[in-house]
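The values are calculated or read from the model by the stated rules, or taken from the named source; none is laboratory data. Predicted, not measured: the structure shown is a model, and the values here were computed from it. Don't worry about glycine lacking a Cβ; one is built from the backbone with ideal geometry, like all the others, and counts go over all protein chains shown. Just so you know, the surface numbers come from the protein's heavy atoms only, side chains and all, with ligands and any DNA or RNA stripped out. Shrake-Rupley method; radii C 1.70, N 1.55, O 1.52, S 1.80 Å.
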Amino acid sequence: KKIAIGCGIFIACLYILFLVLPFCLTGLVNSYNDEISKLVEDSTGLKLKLDKLQLVTTPKLTVGVKAKNIDIKLPTGDSILSCDNAYTTLSLIPLVIKNIELDSIGADNLNLELKIKKDGKFLIEDYLVQNSENQNESEVVAELPFGLKLSNKLPNININKYDISFVDVVSNDK
């Protein structure tokens, strides 16, 4: 009986520590804004600006990241995506069986502007595909590291006030 009570207290303390952890690590997570932006710019050429990045945990045993503002621009300075209060959370329990399962994704004031070139392809494809052109098309990453696999379960998506527009590059029509 004493061992069960001791284990229960230990698990309760770990759970409380899990919920309090974001308050302690917010400064550390926020310090990586510039490194993440540089990594995105080096790999795609797109300019990413993150404001007030922070770690989030929930009582459902999910962990995630929240950003006050996200802004993605082309190297020309044209905005592709901007959103406020964006977040995503990942369920921790499926990680035990090496399964990555997103729990929720959300944002406020999402503005997405996809430009379509004359040949019918999206302009953003030029930036996202540039690294894969150096590889053979047959070389596809078949597995994630550490034996992880993606779940087929779709996350809860909550987006308030969105504006998604498709813009013709030639005529500038939306």
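Could you sort 107-117, 24-34 so that the peptide with the highest average Cβ count within 10 Å comes first and the rest follow in order?
Details: 107-117: 16.4, 24-34: 12.5.
Result, highest mean Cβ count within 10 Å first: 107-117, 24-34.
Test of understanding: in a Gaussian network model of the chain with alpha carbons linked when under 10 Å, which of LYS118, LYS38, LYS47 would top the mean-square fluctuation ranking?
LYS118
Between the helical axis of 33-44 and the dominant principal axis of the chain, each derived from Cα atoms, what acute angle in degrees is found, rounded to the nearest 10?
40
I'm a student and want to see the number: the projected area of the Cα convex hull of region 23-91, averaged over all directions, in nm². Present the calculation step by step, with values, prior to reporting the outcome.
Numbers: hull surface 20.1 nm².
For region 23-91, averaging the hull's shadow over all directions gives 5.0 nm².
Averaged per residue, what accessible surface does the chain expose to a 1.4 Å probe, in Å²?
Working: 12410 Å² over 174 residues.
Computed with neighbouring chains in place, this is 71 Å² per residue.
Give me the percent of accessible area attributable to carbon and sulfur for the chain, probe 1.4 angstrom. Don't skip to the answer; put the middle values down first.
Values: 7650 of 12410 Å².
About 62 percent, which is the carbon plus sulfur part of the accessible surface.
Based on the mean of other beta carbon atoms within 10 Å per residue, what is the order of 76-83, 166-173, most packed first? Working shown, then result.
Numbers: 76-83: 14.5, 166-173: 10.6.
Per-residue Cβ counts within 10 Å, averaged per peptide and sorted highest first, yield 76-83, 166-173.
Taking the Cα atoms of the chain alone, what are Rg (to one decimal) and Dmax (as a whole number) in Å?
20.3, 76
Of the beta bridges DSSP finds with both residues in the chain, what % are antiparallel, to the nearest 5? It would help to have the intermediate numbers written out before the result.
Numbers: 30 of 44 bridges.
Of those bridges, close to 70 percent are antiparallel.
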